[in-house]
Each structure stands twice: as structure tokens, then as C-alpha cells.
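Since the structure comes first, as C-alpha cells, the remarks are kept for the end.
Laboratory data are not the source of any read-out in this text; all were calculated from the coordinates shown. If you're wondering where the values come from, they're calculated on a predicted model, not measured in any experiment. Neighbour counts are summed over all protein chains in view; Cβ atoms, including those assigned to glycine, are modelled from backbone coordinates with ideal geometry.
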Amino acid sequence: MLEEFIKDRYQRPIISLRITLTNRCNVNCLYCHHDGMITSKEEMTADELYTICKIAKSIGVKKIRLSGGEPLIRKDIVEVIDKIASLDFDDISMTTNGILLEKYAEDLKNAGLDRVNVSLDTLNRETYEYITKKDYLESAKAGILKAVEVGLYPVKINMVIMKDINQNEIKEMFKFCKENNMVLQLIELIESENCDDDKFSADYHYKLDMVEEKLSEMADDVRERKLMQGRKKYYIDGGEIEIVRPVDNTNFCAKCSRLRITPDGKIKPCLLRNDNLVELISHVRSGESEEKLKEIFIKGINEREPFNS
Ligand code: SAM
């Protein structure tokens, strides 16, 4: 089945394109790694995003994931989805903090968005404010429930676990997810150069080993995701919990099937590197032919290199 995908020089199929729509955000999470992006103020228009996705589709990319920054901060977000959805990908998803989702969920669904991952680390108002520096918990919850209501299925909740901040809230969050037919993703905190506090990772890092052990004991069934670094999924009492842990570079790279696009329109071949970006948007803006744009995409794919240290 993987034969139909375009592959890089290391025979890794390129299945999905992850586009960072903006670096702007309406919260300021204390741990945010900004998806490994270098800060830039530039953004692409809906038409430019359409062209990029069209080329991606033509070389065999099947899935699109939109992220940020906060993607819903873009006023043209429905138009962006509408344009991308007209290209008929297998799956279009978005990672959002949910704060503006109540307003947009229905229009996004109608425009062709398939599903959302919503970041929510806590159901406690003070803790939410401590993590995000904003008092938007109720808006985020309303957005999440609206996403479920309109069928952006499955809604997944991304919960980054931090020692002495929210590690004791997993049970409560799982209950919230189960009650609303959502999947809970527990994310192990990754050290981030962008964090203000150098000591942050050491102070708040919470290894998910113990949690996984407990989930194994409780689970009715456990499955592994083949294309997602062997992530484990635990099925418990009709609910579902997935564990997202940083894997060593060798493993991460070996299973990587994604290409990324930065907000200012560069192809980012590798998550962990910024020294092999490939300029794309200037070629789109100067009206280069689709053939030429395809060549640039393939150049980006050929820059992909496992980072084995
Ligand atoms: N604004 C959107 C949101 O909040 O989902 C999208 C951008 S955010 C950078 C994407 C995801 O990265 C979120 O689920 C967030 O929790 C996760 N994330 C950010 N920094 C992280 C870190 N240091 N460790 C683990 N996950 C992190």
C-alpha cells in the first residue's frame, strides 16, 4: 500500500503535509516549542496555500494538518479550509487551542475540515491561567463541545503533562473526554529552547512511564500506531487514551512521513532542523509553473535526512 506514496532518498513515504499557518497566538503557554519554527511575521494567503496544497496533492501527499501559532486567529481560516478541501485530500485536520472554535466549528466543518486536535492541559481555571497567561478556559471548553456537536470527529484533546501542575488531573480529563466521546492524548513535555525559563524542563518534566504502566493494567485493549512512531493507544471502559512521547531521534526520523511548511512559505524537510529549509513561496508568488513548483517540492523531499545522534 505504501508503494503509491512519493518517497525520500531513505525510502520514507511522504504522507502528510503540516502547514504552520501563522506564528501569532492568542495565548502564551509557558512551555510552547512553537512547532520548531523560527519566528517570522510573514504569512501566506489562502490562494497561496491552495497552490502549495495543489502541488503537494499532485506528488502524492494524502493528508493535510494545519497548525500554528493559533490557526483560528486567521480571519480567513474558513476560506483557507474551503480552498484546501476542494483538492479532495483523504484527511484535513487542525491543531488548535479551541478558544475560537465555538465561533468557527460549524463553518469549518461545512468548508471541509475533517477533525481537530484541541490543546487543553487542565480543567481548572487557575491552572489554565497559570499555563496560558489568559482566562479563556470556558471559551476553550465551549469550542471543544461545539466541535463534537458539529462532528469534527474524532475530537482529540492534547494534554501536556507537567509535574506539580496537572499530573493529578489525568483521571478528570479522561472522564471529560469519555463523556463527550473524545480521545485523550497525553503528551510528554519536550524540552523547548523557546521556554523563557531554562530550568523549566527540569522542574516540570514528568515521565509518562508510570502512567503507561497504570494504563496497561487498566486497559481492555492496547494497540500500536504503525505510522506514528509506534504510539500506544489504550482502550479503557469505552474511552481511548493515546500516549505521545518524545522518541529518540533515530526512531523518530525512521518513521517520519511528514513534510512541513513554515508560515513564511518555506519547505521544512526535518522537524529538528532549520538549516535545510527550501524556499518556496517566492516561486509561487512569481507565478512559476506547476512543473517548476513540483521540482522545488521534490528538492525539499530530497533534503530530508535522518538525524541519528
Ligand atoms: N495553537 C495550537 C494549539 O494550541 O494546539 C497549535 C500550536 S501548538 C504549538 C501545537 C501542540 O504542541 C499543542 O498540542 C501543544 O500542547 C504542543 N506543545 C507545545 N510545546 C510543547 C512542549 N514543550 N512539549 C510538548 N508539547 C508541546
Specify the residue that is surrounded by the fewest Cβ atoms within 10 Å (Cβ to Cβ); the eligible residues are those in region 134-188 that are in contact (Cβ under 8 Å) with a residue 12 or more places away in the chain, of a type in the set (S, T, N, Q) and over 18 Å from P71 (Cβ atoms).
-> N181
Under 21 Å from the mean Cα position of the chain (by Cα), assigned to a loop (DSSP other than H, G, I, E, B), free of Cβ contacts under 8 Å to residues at least 60 places away in the same chain and surrounded by 14 or more Cβ atoms within 10 Å (Cβ to Cβ), is that true of C256?
-> no
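One line per residue, one yes/no per condition, for (1) within 13 Å of the chain's Cα centre (by Cα); (2) within 9 Å of the ligand (Cβ to nearest atom); (3) touching a residue at least 12 places away in the same chain (Cβ under 8 Å):
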{"residue": "K75", "(1), (2), (3)": "no, no, no"}
{"residue": "M94", "(1), (2), (3)": "yes, yes, yes"}
{"residue": "E102", "(1), (2), (3)": "no, no, yes"}
{"residue": "A105", "(1), (2), (3)": "no, no, yes"}
{"residue": "N110", "(1), (2), (3)": "no, no, no"}
Is it true that some residue in region 38-50 is within 11 Å of the ligand (Cβ to nearest atom), assigned to a loop (DSSP other than H, G, I, E, B), within 30 Å of I161 (Cβ to Cβ) and not polar (S, T, N, Q)?
-> no
Residue in region 19-31 that is buried (at least 22 other Cβ atoms within 10 Å of the Cβ) and not in a loop (DSSP other than H, G, I, E, B) present = yes
Is there a residue being under 26 Å from V183 (Cα atoms), within 24 Å of the chain's Cα centre (by Cα) and surrounded by 14 or more Cβ atoms within 10 Å (Cβ to Cβ) anywhere in region 274-283?
-> no
Residue satisfying all of: in region 153-180; over 22 Å from I236 (Cα atoms) and of a type outside the set (K, R); farthest from the ligand (Cβ to nearest atom) among these | D164
